[in-house]
Amino acid sequence: MSKSRVLIVDDYQDAAHALAVVLRTHKYVVDVAFRGEEAFARAREKTPDAVLIDLGMPGMTGFEIAHE
């Protein structure tokens, strides 16, 4: 059985890394991105099963990322 892959997108790096640690302890495979463009690149590389997005990021907001 394969593990679920989660992509975390958050400009606040400490929060993104902390959430990644929690998810990894629950056996998820986790990727982290800090900007919208980076999130799209990671999603193309490793097709996540779920994406957790900070909605209030500068530049491309989480709403814009989700819309795309």
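Computed from the coordinates by the stated procedures, all read-outs in this text should not be read as laboratory data. All values reported here derive from a predicted model rather than from experimental measurement.
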For the chain: relative contact order, % (alpha-carbon pairs under 8 angstrom, 6 or more apart): 39
Phi-based couplings in Hz for region 37-45 (Karplus 6.51, -1.76, 1.60; Gly and Pro marked x): 4, 5, 4, 5, 4, 4, 5, 5, 5
